[in-house]
Structures are given as structure tokens and as C-alpha cells.
Ligand code: ADP
């Protein structure tokens, strides 16, 4: 019991003991004695509210401090009444809720961790109640689907967000899962209001105990970034496949020559025959016309062969753009990662920072670096007595050109003859080699206005390096 000035006028033994005091120690004292400083204002406000509304019960939760300094949370019910002399006093009943508060805090904290983990992993959770066709979502699921938070979502609303091309498939999967009461897993796209597309992957578990009203619980992951990376990888692989195809041209050259020489020989034979038909007296125009027809047919056949070869080699026209050589190197590194691992080759990258740009065709320059790296790896295939190390460097040379080099610890350029012939087309010392790689690389670099050269290292191995002129701002690509 507290008077209007906040002085304790009465307290029961239990109430005092709860705070570590005897009744005598509290009587006549300010009630603020049992509140921490931070709660003084709140305690005074609470008493004032009661005094302003005499006869009305109020309740609140507040923190108190014991005699020994420890704190406890309490829930207080209070009411101001008038004594016989007209003086108001406040009656307060106090219940210890410390344990509940701790549990609440722990729950809040674990919910916070869970939400944080969901945000980090871009994985939300959901519960699906089939009877009402409602879905309960976690915060992250709302974020992934791009809806404002709500206690639950109607499934029909959610389905509208699914990409129209995927909707029927999603409905089939969920319908089957529901009828068979089985876990399910599927991926689909979301069409967002701004027109962007997200990829999600969903796993759901059929709940055995359905007393909660929830039939399926699950997780939904936003896998858009992964899908994009997969698409980029696929494109890189396609480009690599193109490189391989171009390299394979060397092998094709022989069969092309064969295919073209056949119709050419036929053209010559038919032309000679035609001449003879015309030389007759009188000339046999019917036969001459027939042989001319055959000549046209063979000529077209040879033309078709050439067209096919051109289509094979020419993957669209080359596209020159300002490029960062370090970016090209990094892209190649991600492409050859598997080869490096497979051959136990350690790669060291020594890029010069902030290099000026070069003007070039990205795919062609990647092709050069890939070829040099693969050659370096192959040159170390027989090396067992030293680490297989490959070093890619970039920088500027004395003339201010960009220079990139690939250094290996392989067999090296043992003889002068070998060093001289490296860049010749069809020169190869490998059993399955075509000897086209370096000659193609050299012509690509030359077409960019640069130079590709090779040298023997002071130690074991060889270094291949190429230069490229800088891209001059404002010059046409
Ligand atoms: P291929 O790899 O099909 O043989 P290339 O034109 O790429 O065709 O290479 C021609 C030859 O140059 C190789 O067979 C090899 O003898 C030599 N060569 C290329 N790179 C290296 C290297 N890093 N170290 C030593 N020799 C090399």
C-alpha cells in the first residue's frame, strides 16, 4: 500500500521477502527504493495514473530490484481508493513473472536468429493448411514472394504469382502430394510484379500429427542467383565448345580439301567434254547443255562445302569492345579449374592492378589464354620431380602495351628447332595433337595488333606471352 507521495504505508511479509527485505525495512520508505533507476519514472507514472482514476484497476509489467541488487520482473494490479479521512492510497498486488519474461526473451531471440538464418540462406518456411487452403509464411517467404506480411495467405493468391508457364505443373505436383499424403519437392519460377523472374526450390513434408491444422510444412529457397550462375557457366561451356570446334578445323582441313577437290575435278572433266561437243560439226548443243548443267551442279556442291566450313568457323562476326585483360584471365581460370585439378597443377595469379583497357574480342582473347594454359598443363604432364606450377601474370611492358604471360614448369623449349616451329600450323609433338592451337593464337593476337612469343625459362619450363595495344578512348571499336 502506497500513499499519494509514494511512501510505503503497508506491505505484507511475503511481499517484502520477495524483495529481500523485512516489513520494517520498507515501511515509511519511498516505494522507488524497490525499483531500478531506469524504472523510477514509470513507477511514478503508474501511481499517478491510479490516483487520477480512483476506483479503477490498472495493471502493468515492470522491473524491480531486490535488496541484494538482483532484478525481477513483476506484473502489478493496482487501484487507488480513498481512506476514511479522504486521503487516497494505492493498493498494489504483485506477481513475479521473471521466468515468463526470460522464456519470452529467449523465444524472441531464437526467432530473431531463425529469421536472420532464413534471410542469409534465402530460405523461407511455410505451413500449408489444406482444409482452408491457407498458407502460413515466415518473414523470408514473404520477402521471396514479394507480398506484404499477413497472418496467412490464400493459396489462390500465391498461385497467381507463379509464372504462368509453370502454374499447371505446380498444381499437378501439389494435388498429387495432397491425395497421396507424401513429401514433395519441386522447382518453379515466380513472375514478380515488376516483370522480373525468380527461381525457387520448394521442399515440403507431410505432417503426421494434423492436430495443429497444418498438413504440410516446408522450406522455399530463392535459387535465382544459382540459376543465373548455371546459365553463365553453360554459356561459357558453349563458348569453350566453339573454341574446340575451331581447333578441330585443322583436322577437318584434309577432309574438306578432299570434298572440294572431287567436284572441282568433275567440273574440269565436264568442261573438257562440253568443249568437245561444241567442236563437233555441227555442234551438239543438247549434249553441251547437259554437261554445262553438270558443271553448275558440281560448282554449287563445292560452294556448299565452303559455306559449311565458314559457318563452322564463324560464330557470328567478331565483336570488339574495351576489355579488362584481368577479367579475361579470371574467366579463363574458372573455365580451366577442372583441368588444373585433374592434372594436380597449382595456379598462381599475379595480375597487375588497375590496368588500362584493351580493345578486343572477348571470346577470341579467352581462346588465346585457354590455349596457353592448356598447353602449359600438358607440358607438365610428365613432370613428377617438381611441383607442377603455372603462373599467369599481367602488366604493362616498356612500350606501354598490355602484356599477359603464362609460365609453366614443364618440358620447356628444349631445341632451337622446336622453339622455331611451335607456331607453325600442324606442328605438334603430341600423339593426339593437331598443332593448330598456337598458330590460331598467334593470328588472333596479330589481328588485335599484338604479338605472341615464347621463351625458355632460366629454370625448367617455358613462358608464352602476348602483348596487346591499349584501347584509346574515343576510337571506334
Ligand atoms: P598442339 O597442342 O595440338 O600440339 P599447339 O599449336 O598448341 O598444338 O602446340 C604446338 C606444339 O608446341 C606442341 O605440340 C608442343 O610441342 C609445343 N608447345 C606448346 N606449348 C608448350 C609449352 N608450354 N611448353 C613446351 N612446349 C609447348
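Quick note: the coordinates plus some simple rules give every number you see, no bench work behind them. Please read all numbers here as calculations on a predicted model, not as lab measurements. Backbone-built Cβ (ideal geometry, glycine too); neighbour counts: all protein chains shown.
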Discussion item. Please compute the Kirkwood hydrodynamic radius of the range 1-67 from all pairs of different C-alpha atoms, in Å with one decimal.
Written reply: 12.5 Å
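Pulled fully out, how much extra length does the chain show between residue 350 and residue 81, if you take 0.36 nm times their separation in residues and subtract their Cα-Cα distance?
Details: separation 269, 0.36 × 269 = 96.84 nm, distance 8.39 nm.
Gain on stretching residue 350 to residue 81: 88.5 nm.
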Worksheet, complete the sentence: Over all directions, the chain yields a Cα convex hull whose mean projected area in nm² is 48.0 nm²
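Can you put 63, 344, 50, 94 in order of Cβ neighbours within 10 angstrom, beginning with the fewest? Provide the component values of the computation, followed by the final result.
Working: 63 16, 344 11, 50 24, 94 19.
Listing 63, 344, 50, 94 from fewest to most nearby Cβ atoms yields 344, 63, 94, 50.
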Practice prompt. Report the convex hull volume per residue for the range 333-411, counting only C-alpha atoms, in Å³.
Written response: 103 Å³
Item to complete: Mind putting together the pair-distance distribution for the range 137-191? All Cα pairs, 5 Å bins, whole percent per bin, short to long.
Response: 4, 17, 25, 25, 21, 8, 0
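Can you tell me the relative contact order of the range 40-160? Whole percent, Cα pairs under 8 Å, sequence separation 6 or more.
This gives 14 percent for the range 40-160.
Working out 0.36 nm times the residue gap between residue 160 and residue 284, then minus their Cα-Cα distance, what length gain in nm do you get to one decimal?
Values: separation 124, 0.36 × 124 = 44.64 nm, distance 7.76 nm.
Using 0.36 nm per residue and subtracting the Cα-Cα distance, I get 36.9 nm.
Return the ratio Rg/(2.2 N^0.38 Å) for the range 1-156, where Rg is computed over Cα atoms only.
Here the Cα radius of gyration is 1.53 times the empirical estimate.
Quote the relative contact order of the chain in percent (integer), defining contacts as alpha-carbon pairs under 8 Å separated by 6+ residues. Let's see the in-between values first.
Numbers: 714 pairs, mean separation 35.5, N = 477.
The normalised contact order for the chain reaches 7 percent.
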Item to complete: Give the angle, between 0 and 90 degrees and rounded to the nearest 10, that separates the Cα long axis of helix 249-279 from the longest principal axis of the Cα atoms of the chain.
Response: 40 degrees
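Taking the number of other C-beta atoms within 10 Å as the exposure measure, put 368, 267, 200 in order starting with the fewest.
Details: 368 28, 267 18, 200 23.
Arranged by neighbour count, lowest to highest, 368, 267, 200 become 267, 200, 368.
I'd like the antiparallel share, as a percent to the nearest 5, of DSSP beta bridges with both residues in the range 297-417. Can you show the working numbers first?
Values: 11 of 16 bridges.
Roughly 70 percent of the beta bridges in the range 297-417 run antiparallel, per DSSP.
Can you give the direction-averaged projected area of the convex hull of the alpha-carbon atoms in the range 58-133, in nm²? Write down the numbers at each step before the final one.
Working: hull surface 42.7 nm².
Its Cα hull, projected and averaged over all orientations, spans 10.7 nm².
May I ask you to sort 434, 192, 380, 112 by Cβ crowding, counting other Cβ atoms within 10 Å and putting the fewest first? Walk me through the numbers before you get to the answer.
Details: 434 19, 192 14, 380 23, 112 10.
Listing 434, 192, 380, 112 from fewest to most nearby Cβ atoms yields 112, 192, 434, 380.
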Worksheet, complete the sentence: With only helices counted (DSSP H, runs n ≥ 4, each -39500 (n - 2.57)), the per-residue ellipticity at 222 nm for the chain, to the nearest 500, works out to -15000 deg cm²/dmol
Worksheet item: Quick one: of the DSSP bridges fully inside the chain, what percent are antiparallel, nearest 5?
Response: 95 percent
Discussion item. Just to confirm the number: angle between the C-alpha axis of helix 40-52 and the first principal axis of the chain, 0 to 90 degrees, nearest 10?
Written reply: 50 degrees
Worksheet item: How far, in degrees from 0 to 90, does helix 362-379 lean away from the longest principal axis of the Cα atoms of the chain, to the nearest 10?
Response: 80 degrees
Worksheet entry | Estimated inter-spin distance, residue 148 and residue 27, nm [label 7 Å along Cα→Cβ] | 5.9 nm
Practice prompt. For residue 98 paired with residue 169, estimate the spin-label separation in nm (one decimal), with each label point 7 Å from Cα along the Cα-to-Cβ line.
Written response: 5.9 nm
